[in-house]
Amino acid sequence: LLSRVGAGWLKRLGWPALAVSVLLLLLVFTPLGVSVNGNRNWIQLPGGFTAQPSEAAKLGLSLWMACVLVRKGPLLSEWKHSAVPVLFPVGLLVVGLVLLGNDLGTAMIILLIVAGALFFAGTPLRLFI
């Protein structure tokens, strides 16, 4: 479905997708949140529907990073433009919320997604060290 949508439309979805993702991650810490095997990373919606907000966060963060990194393209050789805002504060916010739910595996996957986005956007390898 998303392959049929134009790039301009996807760019407009970046910020709202990130906002919805963070909101869903915060719902885990409300009465809607459910613990499964010691991880509080699910939400129980009315009607018996359950969802894992971190899955939506992966997609929302990826779309948002693409929008930001395209705009910052020529500036990515400087560490501050590569790290801000992708790593600090947004990346850490999403990873922190996932870690608060005791889901280390998903947090590591999200960090790899962020690293992959920075790598494919053209961030110099010296900045990964």
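The values are calculated or read from the model by the stated rules, or taken from the named source; none is laboratory data. What you see is a predicted model; the values in this text were computed from it and never measured. Quick reminder, even Gly has a Cβ in these numbers, built from the backbone with ideal geometry, and neighbours come from all protein chains shown. Each accessible area value is taken on the protein alone, full model and side chains, heavy atoms only, with ligands, DNA and RNA left out. Shrake-Rupley method; radii C 1.70, N 1.55, O 1.52, S 1.80 Å.
Can you tell me which of K11, K58, K72 is basic (K, R) and under 14 Å from the mean Cα position of the chain (by Cα)?
K58
Going by the structure shown, is L112 in a helix (DSSP H, G or I), at pLDDT 95 or above and surrounded by 14 or more Cβ atoms within 10 Å (Cβ to Cβ)? In short, no. Kindly provide the set of residues from the range 102-129 that are within 15 Å of the chain's Cα centre (by Cα) and among the small types (G, A, S), ordered by number. Those that are within 15 Å of the chain's Cα centre (by Cα) and among the small types (G, A, S): G105, A107, A115, G116, A117.
State whether one or more residues within the range 10-29 are among the charged types (D, E, K, R) and over 18 Å from G116 (Cβ atoms). Checked the range 10-29: at least one residue is among the charged types (D, E, K, R) and over 18 Å from G116 (Cβ atoms).
Okay, residues lined up against (1) touching a helix residue (DSSP H, G or I) at 6+ places or on another chain (Cβ under 9 Å); (2) under 18 Å from V90 (Cβ atoms); (3) touching a residue at least 12 places away in the same chain (Cβ under 8 Å); (4) open to solvent by 50 Å² or more (accessible area, probe 1.4 Å):
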{"site": "P16", "(1), (2), (3), (4)": "yes, yes, no, yes"}
{"site": "L32", "(1), (2), (3), (4)": "no, no, yes, yes"}
{"site": "V36", "(1), (2), (3), (4)": "no, no, no, yes"}
{"site": "Q44", "(1), (2), (3), (4)": "no, no, yes, yes"}
{"site": "G48", "(1), (2), (3), (4)": "no, no, no, yes"}
{"site": "G60", "(1), (2), (3), (4)": "yes, yes, yes, no"}
{"site": "V68", "(1), (2), (3), (4)": "yes, yes, yes, no"}
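Of all residues in the range 46-80, those that are more than 21 Å from V98 (Cβ to Cβ) and of a type in the set (G, A, S) total 4. Any idea which residue in the range 71-100 is nearest to P16 (Cα to Cα), counting only those that are touching a residue at least 12 places away in the same chain (Cβ under 8 Å), open to solvent by 70 Å² or more (accessible area, probe 1.4 Å) and touching a helix residue (DSSP H, G or I) at 6+ places or on another chain (Cβ under 8 Å)? Here the answer is L93. Are any of the residues in the range 57-65 at pLDDT below 95 and of a type in the set (G, A, S)? For the range 57-65, residues at pLDDT below 95 and of a type in the set (G, A, S): absent.
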